[in-house]
Amino acid sequence: MCSWHTKTNVLRSLLSPFHFFRLRWHHCSAADVKNEPILEFKHGSPEREALQKALHDLKDKTEEIPCIVGGEEVWTKDVRYQPSPFKHSHKVAKYCYADKGLLNKAIDASLSVRRDWDLKPVEDRAQIFFKAADILSGPRRAEILAKTMIGQGKTAIQAEIDAAAELIDFFRFNAKYALELQHVQPISVPISTNTMVYRGLEGFVAAVSPFNFTAIGGNLAGAPALMGNVVLWKPSDTAMLSSYAVYKVLLEAGLPPNIIQFVPADGPVFGDTVTSSEHLGGINFTGSVLTFRHLWKQVAGNLERYRTFPRLAGECGGKNFHFVHKSADVESAVNGTIRSAFEYGGQKCSACSRLYVPDSLWPQVKARLLEEHSKIKVGNPADDFSTFFSAVIDEKAFRRIQSWIKHAETSPNLSILAGGKCDNKVGYFVEPSIIETKDPLEKIMTEEIFGPVLTVYVYPENKYKEVLHLIDSTSPYSLTGAVFAQDKNVVSEATRLLRNAAGNFYVNDKCTGAVVAQQPFGGSRASGTNDKPGGPHYILRWTSPQVIKETHVPGNEWTYPYMQ
Ligand code: NAD
């Protein structure tokens, strides 16, 4: 074997001191990663008992939550409270805001460890996330579910698919993808060797998370950290309790101090501070498109200041549709729409909020929708497990959704078919509401509501092609959508015409419920940068690869043969 082969291996193992771990890992774990099974919480099941005990332990308790900067708890004077959505007199968390000065300290603290963390073998970093997933799957599962339920108003199953299953899957699959990525290497030809080194970004990453998924906060901060980045995590005010629990799980799993700074803060103060730092390496954002546009503009305004071009990843809102064709299976369309529009009170970015039904099927669909609607129980999900969904997240959301319902009451083109009542005495309760519109371009069909409000447009059966064009052009968003049809030609036609109308497109299934590694998630247009968290490509956003070419034969010529 010629000597450059040997040297190749020497170089590779110098660059990757984890070479042997890599082989070991590949044999035992990365290949074995599977989706976390979803528990059912049936009567008498051990998981239901554990969850009820965890809920009981939190009853009327207020957890005090500090900022964690430089590995230390910092208690500032700017104190805030997180109310439980379904019982706002219960403050589930008392936390404090970091100010500009503390955020700048957090930036310095994170930069002080960046190089070492980035040089740490990816196998070691991955181990931390595998371990965090195991902790969430086992000893901390009930606690994190209970905190998500009382803090964000989720039912047991909605908490389970989010704070347990999805978060565990994010940690395990991201770690698996990060390990596998090391094998994606350029070709080497005699007489040199090429190696791709997956470095973290130079600088820090700002992770800004929304209230509606505990898993998203863990992923926004966790995925960049896994890839060798240091992170400032600003959790959502209304998901503070569960976010802090996730943060503590990461520390328990061995995440060294300073890799992720936990910094609750006022949104604009956080945004202004991170975007004015020359060290901003990236923003990992999920939330409304208004906030993301604002952050993007701030970055653009500061462009000359940065040492590198910051990576901007933003997953934003949706105005998601169910299109029902005359050939559809009515039961699937009805059940899928009830779940998709009303689960978690319609507060999923993927929730269905516009439904298109042919006039020929409408009497049947309407009757079935109203029948199922009448069975939906809205209430306190911690005390009553038969609740289908609970209160909306806070007073601001309650007022916004209420104003949409008032709009429906007063607009001549809209009629409320079911629901429409709102009551914020105990919690922020909004009935599941079904509205019919005569105008398919009414603003209720174009703007994101983010609440339990579904609007239906009944179209002439033979105009379905026009309706597909209409769906595509109605809203600025392009997140999720579904077509319900048995006719295969219609399915292909809809798939073609709606190619740009949804980043996650479903055929004969509801438009919510994406699963990590099965349906990597995200949309384009106003719905975001479509980086597909939950898929193998996502981690590429959090690495800045370096290619090293090493030549093994001395270069003893500078002239070319053609010159002879
Ligand atoms: P939001 O935009 O109000 O807040 C998101 C985060 O941004 C919060 O942490 C908030 O404090 C912070 N923030 C607000 N102003 C800021 C600023 N100027 N600078 C920096 N940070 C700032 O959104 P929300 O109400 O928490 O979440 C709901 C939205 O999120 C909906 O539009 C929903 O569709 C979207 N969402 C999208 C996805 C997806 O994957 N596409 C997933 C979940 C939620």
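The values are calculated or read from the model by the stated rules, or taken from the named source; none is laboratory data. Owing to the predicted nature of the structure, the values given are computational and were not obtained by experimental measurement. Counting neighbours? That spans all protein chains shown, and the Cβs are built from the backbone with ideal geometry, glycine included. For the accessible areas, the whole protein counts, side chains as well, though only heavy atoms, and no ligand, DNA or RNA atoms are used. Shrake-Rupley method; radii C 1.70, N 1.55, O 1.52, S 1.80 Å.
Hey, got a sec? Which GluC sites (Glu not before Pro) in the stretch 257-318 land in a DSSP loop and have at most 15 other Cβ atoms within 10 Å? Answer by residue number: E278.
Highest mean first, the peptides 81-88, 203-210 sorted by other C-beta atoms within 10 Å per residue fall in the order 203-210, 81-88.
Charge dipole (Cα centre; +1 on Lys/Arg Cβ, -1 on Asp/Glu Cβ; no other charges) of the stretch 62-194 amounts to roughly 320 debye. Estimated purely from DSSP H runs of n ≥ 4, each contributing -39500 (n - 2.57), the mean residue ellipticity at 222 nm for the chain is -12000 deg cm²/dmol once divided by its residues.
Using the 1.4 Å probe convention, the accessible area of the stretch 454-529 works out to 42 Å² per residue with neighbouring protein chains retained. Size estimate for the stretch 274-402 follows the Kirkwood approach: the inverse of mean 1/r over distinct Cα pairs works out to 18.0 Å. Taking a ≥ b ≥ c as the square roots of the Cα gyration tensor eigenvalues, the chain comes out prolate, since a/c reaches at least 1.5 and a/b is larger than b/c. Of the residues Q546, S475, L454, the one whose Cα sits farthest towards the positive end of the charge dipole of the stretch 451-564 is L454 (charges of +1 on Lys and Arg Cβ, -1 on Asp and Glu Cβ, taken about the Cα centre). Under 5 Å from the amide H of V92 lie the amide H atoms of Q82, S84, each residue being 5 or more positions distant or on a separate chain, with H modelled from the backbone and absent for Pro and chain starts. Hydropathy at least -0.5 by Kyte-Doolittle, axial extent at least 27 angstrom from the Cα trace: which helices of the chain, defined as entire DSSP H runs, fit? Helices meeting the criterion: 100-119.
The Kirkwood radius of the stretch 171-222, taken over pairs of alpha-carbon atoms, gives through the Stokes-Einstein law at 20 °C and 1.002 mPa s a diffusion coefficient of 153 µm² s⁻¹.
Of K176/K297; K147/K396; K319/K406; K42/K348; K42/K425, which sit over 29 Å apart, Cα to Cα? Over 29 Å apart, Cα to Cα: K176/K297; K42/K425. Diffusion coefficient of the stretch 223-319 by Stokes-Einstein, Kirkwood radius over Cα pairs, 25 °C, 0.890 mPa s: 170 µm²/s.
Here the chain carries DSSP beta bridges of which approximately 40% are antiparallel, counting only pairs with both residues inside. For the stretch 47-188, the relative contact order comes to 24 percent (Cα pairs under 8 Å, sequence separation of at least 6). Rolling a 1.4 Å probe over the protein heavy atoms gives the stretch 50-176 an accessible area of 39 Å² per residue.
With contacts taken as Cα pairs under 8 Å and at least 6 residues apart, the chain reaches a relative contact order of 16 percent. When you restrict to C-alpha pairs under 8 Å that are six or more residues apart and normalise by the size of the stretch 236-339, the relative contact order lands at 24 percent.
On the stretch 188-323, 58 percent of the accessible area sits on carbon and sulfur atoms, based on a 1.4 Å probe. Heavy-atom surface analysis with a 1.4 Å probe gives the stretch 418-564 a carbon and sulfur content of 51 percent of its accessible area. According to the square roots a ≥ b ≥ c of the eigenvalues of the Cα gyration tensor, what is the shape class of the stretch 311-352, taking rounded for a/c under 1.5, prolate for a/b larger than b/c otherwise, and oblate for the remainder? Oblate.
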